[in-house]
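The values are calculated or read from the model by the stated rules, or taken from the named source; none is laboratory data. Predicted, not measured: the structure shown is a model, and the values here were computed from it. Glycine also receives a Cβ, built like all others from the backbone with ideal geometry; neighbour counts cover every protein chain displayed.
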Amino acid sequence: MTHFFSHKLISLCILIFLFSSYGSAQSENFENALNYVQENKPSQHTIIDSLLKPFDRDSAKMTRLLDLSKEASWYEGASYALNALGVIQRDISNYDESLRLHQEAEIYANEAKSDELKIISLNMIGVVYRRMDIVKLALDYHTEALKIAYSVITPSKSISQSIAISQNSIGNIYLALKQYDLALSQFNKSLALEKEADNKLGLAINYHNIGYAEEAKGLLNKALTNYQLSLDYNNIIDSEIGRVICFNSIGRVYLKQSNYTDAKPIILEALEKALKLDDQYYITASYLNLGQLEKETNQLDIAEKHLKKALNIANSYNLKSSIAESSKLLSEINQKNGNFENALKYYQDAVEIENTFLTEQNLQYVNDIAMEYENENKNNQIKALAIENEAVRLRLERNKQILLYTSLLLGAIGIALFIIHRTKALKRDKHILTLEQDMLRSQMNPHFIFNSLNSIKLYIINNDKTNAVYYLNKFSKLIRKILMASKEKETSLHDELETMKLYMNIENIRFSNEIDFNINVDPSINTEIIKLPSLVLQPFLENSLWHGLSSKSNNKKIDLKVTKKSSKFITVEITDNGIGRLASKEINDKKRLERNSVGIDITKARLANFSEAFEDSYTLEIVDLYDDKTPSGTKIILQIPIKLKNQIMA
């Protein structure tokens, strides 16, 4: 036994230590928040709430905040603290004190010139009046809050939430007046705003209110679904009072469905939680549900006891709707017990209470006020649209000017780019023309013409008329082709090869026809459609003749081979069996010859320019040939592109 008590004592000490540690940490956090707001005095409700929200249910901390705010003339802090204290008093059904605190909060909100805090204070006053079933005043304060909120062109998150609260409260007033469709309309408006803000507390409240309206309309299954949604959100935010509200409502639906087995435990749990919270409003609601359950199950004595408890609390706190409901149920119990005089008295009390707020005047007043705030809302929206239209008009004017200046700038840039492009094109054309002129001079150089004519002259002197006429004819054709080529930037592969045959025939005269020149073209190549720069192969043949074969005594051979190894190129290979580049260079150095590679350089430039219209550029490779390490000639490998840019291949 001693061991048991010592164990309990240790557990109690640990629990006290944990609570004191938690309390110490909470106090430290509050002190930090208090120091910050004292130093910075933030004016926006969102910032104040983010710092002080964890402590707004602690009356001691909020009283301290109020005192410090008043000392520092920080009106926003004073208004926040007073509203927090007002909610605490409202939740224990101390409505007179709650009203006083919220009304003082409104005064400080006016001093701070804060629309946010004024709207919150007005809504809180409206909620208290609604709890007291004072319909007109509740509606007045909520609609005033809405008017201010709707007058703000770009509402903050806090103001949007206040609009949702106002709409929810007006919906609750419609509920009290049994105007269920109008109530649902307000709840759905509020729900949309809460969804947009992802405010789980607001979602819990609105789903519950929607369920209440559906329950009143007899849509019990729909009501249960919405009550369950509300309970889910209350569990997410761990709201005990939210659970009490949902348990009472779910239990009430079970009662209406005559499901007394499921109704009893959930109503008892709601009562237990409400008693712990000491919220007289929901304690009354729980006793009402419990009394109705016991009445339906014929436990009339205990039902009367619980309903009288509900009636006493409702009378103490002036909860008119609860007074009316409990009086009706007590009337039914007395009627069952045969106490008709008491039954009549309770019924008359219920009717009298209901008549204080369920009157035609009240209904008309509510409708008039609702219409007024809807009109105010529309007027504010029209004003906002007018301001927005003016802003749009100014933006359009500004955009027109920007567009005009931008167009002028773009036009200037376009002209500049056109001039630059045109200049580049002219330079390129000039360069091409220069290359063509250089090419013509290269092909028509005086040495070639003079030597060719001298060779033909020898045939004439030797009275070899046949060869003289033959070669003179070839020479004239070559000159004509060279002159024609100078007018065209490109020619067909067929014409190029024909021209090269003529060129080699003329050059071969000077080599006593010792050169064996062969052309071999792949049969798959259509030489008529393949294009290449005119006379582009001549410089390579000339190099083979004068650097490779001119110093060789016999067996002089040049092969020109055209193949197509890919879809993008044709390959031209010019192979000679001359002495090779190294030996040729040594001979030329000894002879002090100054033959430069101007013809090859011009050809490379022309090939580069030609390749610009194709997907790939040309390639040129010069290969030295060897036979057992002895130079045996030179091979030129020239790849000419044939696939144009953006060309669709068949």
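Give the stretch 38-63 a look and list any residue that's β-branched (V, I, T) and more than 33 Å from the chain's Cα centre (by Cα), or say none.
First, the residues of the stretch 38-63 that are β-branched (V, I, T): 46-48, 63.
Result: T63, single match.
Return the residues of the stretch 623-645 that are within 30 Å of S553 (Cβ to Cβ) and surrounded by 14 or more Cβ atoms within 10 Å (Cβ to Cβ); say none if nothing qualifies. Talk me through it step by step, then tell me what you get.
Here is the first cut: in the stretch 623-645, the residues within 30 Å of S553 (Cβ to Cβ) are 623-638.
If the condition is that a residue be within 30 Å of S553 (Cβ to Cβ) and surrounded by 14 or more Cβ atoms within 10 Å (Cβ to Cβ), then L625, P631, S632, G633, T634, K635, I636, I637, L638 are the ones that fit.
Among all residue pairs at least 6 apart or on different chains, which show Cβ distances below 6 Å where the first residue, located in the stretch 245-261, is closer than 14 Å to T225 by Cα and the second is of a type in the set (S, T, Y) and at pLDDT 90 or above?
C246/Y227; C246/S230; S249/Y227; I250/Y227
So I509 passes all but one of these: (1) farther than 30 Å from P631 by Cα; (2) buried (at least 19 other Cβ atoms within 10 Å of the Cβ); (3) in contact (Cβ under 8 Å) with a residue 40 or more places away in the chain. Which condition number does it fail?
Every condition holds for I509 apart from (1).
Would you be able to say whether some residue in the stretch 485-494 is at pLDDT 85 or above, on the phi < 0 side of the Ramachandran plot and assigned to a helix (DSSP H, G or I)?
Taking the stretch 485-494 first, the residues at pLDDT 85 or above are 491-494.
Imposing the further condition that a residue be on the phi < 0 side of the Ramachandran plot reduces the set to 491-494.
Imposing the further condition that a residue be assigned to a helix (DSSP H, G or I) reduces the set to 493-494.
Looking through the stretch 485-494, at least one residue is at pLDDT 85 or above, on the phi < 0 side of the Ramachandran plot and assigned to a helix (DSSP H, G or I).
Tell me the residue from L541, L472 that is of a type outside the set (F, W, Y), assigned to a helix (DSSP H, G or I) and either more than 28 Å from S611 (Cβ to Cβ) or in contact with a Ser or Thr (Cβ under 7 Å, 6 or more places away or on another chain) (or both), please. Full working, then the answer.
Details: L541 fails: either more than 28 Å from S611 (Cβ to Cβ) or in contact with a Ser or Thr (Cβ under 7 Å, 6 or more places away or on another chain) (or both).
The match here is L472.
Scan the stretch 559-586 and report the pairs whose first residue is free of Cβ contacts under 8 Å to residues at least 24 places away in the same chain and whose second residue is assigned to a strand (DSSP E or B), with Cβ atoms within less than 7 Å and a gap of 6+ or a chain change.
K565/T571
Checking L288 against (1) surrounded by fewer than 16 Cβ atoms within 10 Å (Cβ to Cβ); (2) under 25 Å from S327 (Cα atoms), only one condition comes out false. Which one?
Here L288 clears every test but (1).
Of everything in the stretch 103-139, what is at pLDDT 85 or above and on the phi > 0 side of the Ramachandran plot? Give them in sequence order.
K113
Results for (1) within 25 Å of I148 (Cα to Cα); (2) of a type outside the set (G, A, S), shown as yes or no for each residue.
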{"position": "P54", "(1), (2)": "no, yes"}
{"position": "M62", "(1), (2)": "no, yes"}
{"position": "E76", "(1), (2)": "yes, yes"}
{"position": "L99", "(1), (2)": "yes, yes"}
{"position": "E106", "(1), (2)": "yes, yes"}
{"position": "S114", "(1), (2)": "yes, no"}
{"position": "N123", "(1), (2)": "yes, yes"}
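Considering only the stretch 194-297, give the helices (runs of 4 or more DSSP H) lying wholly within it that have at least 1 residues that are farther than 30 Å from S160 by Cα and outside the structural domain of D91 (by TED's automatic domain parsing). Spell out how you get there, then give the answer.
Details: elements: 200-216, 220-236, 240-256, 260-277, 280-296.
In the stretch 194-297, the matching helices (runs of 4 or more DSSP H) lie at 220-236, 240-256, 260-277, 280-296.
Restricting attention to the stretch 53-92, and to residues there that are touching an Asp or Glu at 6+ places or on another chain (Cβ under 7 Å) and farther than 20 Å from S43 by Cβ, which single residue is modelled with the highest pLDDT? First the steps, then the outcome.
First, pick out the residues of the stretch 53-92 that are touching an Asp or Glu at 6+ places or on another chain (Cβ under 7 Å): 62, 75, 82, 84, 89, 91-92.
Next, only the ones that are farther than 20 Å from S43 by Cβ stay: 89, 91-92.
Details: Q89: 90, D91: 79, I92: 81.
Within the stretch 53-92, the match that is modelled with the highest pLDDT is Q89.
Can you name the number of the only condition in (1) surrounded by 10 or more Cβ atoms within 10 Å (Cβ to Cβ); (2) modelled with pLDDT of 70 or more; (3) in the same structural domain as D495 (by TED's automatic domain parsing) that N451 fails?
Only one criterion is unmet by N451, namely (2).
Name the helices (runs of 4 or more DSSP H) wholly within the stretch 50-142 that hold at least 3 residues that are over 30 Å from N355 (Cβ atoms) and without any contact (Cβ under 8 Å) to a residue 40 or more places away in the chain?
Details: elements: 59-71, 75-91, 95-112, 115-131.
Filter on the stretch 50-142 gives 59-71, 75-91, 95-112.
Among all residue pairs at least 6 apart or on different chains, which show Cβ distances below 8 Å where the first residue, located in the stretch 301-320, is outside any loop (DSSP other than H, G, I, E, B) and the second is exposed (fewer than 15 other Cβ atoms within 10 Å of the Cβ)?
Note: pairs meeting the criteria are K320/T356.
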